[in-house]
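In what follows, a structure is listed as structure tokens, so that the remarks can point back to it.
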Amino acid sequence: MGRKMRRFARVAVICCVCGLCSVMYTFTQIIMSLEPKSRLEGHDKIAKQLKRDASLLVPSIPKVETMEGLEQEQRWLQSRCEKRSLSFWNPYWMLPSGVCGMNCFWESAFRFETNKTDVKRSPDKWIHLAVVACGERFEETVTMLKSSILFNVKPIQFHIFADDELHPKFKNILNSWPFQQKFHYILYPITFPSENAAEWKKLFKPCASQRLFLPLVLKDVDALLYVDTDILFLRPVDDIWSFFKYFNSTQIAAMAPEHEEPRIGWYNRFARHPYYGSTGVNSGVMLMNMTRIRRKYFKNDMTTARLQWGEMLMPLLKKYKFNITWGDQDLLNIVFYHNPVHIWR
């Protein structure tokens, strides 16, 4: 009898809650229907005014030519952040880009429009994207490249590292695309230090460790987005490129965690070497401040002296080559384990 009463009580509580929600919804609809027509018409006027506000914000954005200047842009963005009242007629997703509270699912209704204006104003600003393709990765790489320019606003400079036999294929397919104004490309041979080229090339997967040497090969590139061939972009590359402005003065790279759930993480359960954070980082997508990487001296566990990027890679491989499983990604985890302040996550 007691169990039946408890079940009846639970059902009654659920019914009461559902009934209360229904009453509140009905009450809200009645209130909205009583709003004056003039106020309804005012909604469109507010939206148009906010759109004009968003467009006015763009011309005053400071021009950023180098990665160091992105810190200045970030401070400016914070200084222009302003408070605005939110209501049914002035919802948060209609606020202009840069207004406080815009880190939400909807972001800004006018973000893409302001980006287009920015491109017209600064045509010399390109996104640099690098990829390494070896063996049977040609079709996969072409799909990734095409997806990157379908949604993008700013033009993209592709840096394609590939086997020599793949170069003619890339030239034929890229030259046939109709939207040539949206991208440029440069083809590079696979490039490793000559004395250890064979060892680097067979590390993990063919040519995968090429990404470690990008700062040394692309000496004139200030900032770079590296992606694996199996990446597919479903939104503008501009979005991930914009994370550069959140770097502080010590951060040189950004990567995602290898796992979000430590209980199923690989590094924290099986790694036989140091790794970054609680679950390690994944090197399939990397934002790289190339200028800072070339200039920095890094802590390491091979010598008390700090080493530059190019000086550190081979000694690191020699020390850990029998302890690493995922090749260059493991080496990056070791580097950032000893230099955690240099990574943005």
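The values are calculated or read from the model by the stated rules, or taken from the named source; none is laboratory data. Note that the coordinates shown come from a computational prediction; the quantities given were computed from them, not determined experimentally. Cβ atoms come from the backbone with ideal geometry, glycine included; neighbour counts cover every protein chain shown. Heavy atoms of the whole protein, side chains included, go into the accessibility calculation; ligands, DNA and RNA do not. Shrake-Rupley method; radii C 1.70, N 1.55, O 1.52, S 1.80 Å.
For region 190-250, what class follows from the C-alpha gyration tensor (a ≥ b ≥ c being the square roots of its eigenvalues): rounded when a/c is under 1.5, otherwise prolate if a/b is larger than b/c, else oblate?
Values: a/c = 2.94, a/b = 1.61, b/c = 1.82.
Verdict is oblate for region 190-250.
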Loop only per DSSP, at most 14 neighbouring Cβ atoms within 10 Å: give me the chymotrypsin sites (Phe, Trp or Tyr not before Pro) in region 229-315, ordered by residue number. Trp266, Tyr297
What shape does region 241-345 have by the C-alpha gyration tensor, where a ≥ b ≥ c are the square roots of the eigenvalues, rounded means a/c under 1.5, and otherwise prolate means a/b greater than b/c and oblate the rest? oblate
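Longer than 20 Å from Cα to Cα, which of Lys202/Lys319; Lys245/Lys299; Lys202/Lys299; Lys182/Lys245; Lys125/Lys296; Lys146/Lys219 are they? Say none if no pair is. Present the calculation step by step, with values, prior to reporting the outcome.
Values: Lys202/Lys319 17 Å; Lys245/Lys299 25 Å; Lys202/Lys299 27 Å; Lys182/Lys245 23 Å; Lys125/Lys296 25 Å; Lys146/Lys219 26 Å.
From the list (Lys202/Lys319; Lys245/Lys299; Lys202/Lys299; Lys182/Lys245; Lys125/Lys296; Lys146/Lys219), the Cα-Cα distance tops 20 Å for Lys245/Lys299; Lys202/Lys299; Lys182/Lys245; Lys125/Lys296; Lys146/Lys219.
DSSP loop (so not H, G, I, E, B), at most 10 other Cβ within 10 Å: list which trypsin sites (Lys or Arg not before Pro) in region 176-254 pass both filters.
Values: sites: Lys182, Lys201, Lys202, Arg211, Lys219, Lys245; in loops: Lys202, Lys219.
Within region 176-254, the qualifying trypsin sites (Lys or Arg not before Pro) (loop, at most 10 other Cβ atoms within 10 Å) are Lys219.
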Give me the percent of the accessible area of region 253-345 that comes from carbon and sulfur atoms, probe 1.4 Å, all protein chains in place. 53
GluC sites (Glu not before Pro) restricted to DSSP loop in region 134-210 with at most 14 other C-beta within 10 Å: Glu136
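Taking only protein heavy atoms into account and a 1.4 Å probe, give the accessible area per residue of region 241-304 in Å².
On the way: 3140 Å² over 64 residues.
With all protein chains present, region 241-304 gives 49 Å² per residue.
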What does the accessible area per residue of region 126-226 come to in Å², with a 1.4 Å probe and no ligands, DNA or RNA counted? 46
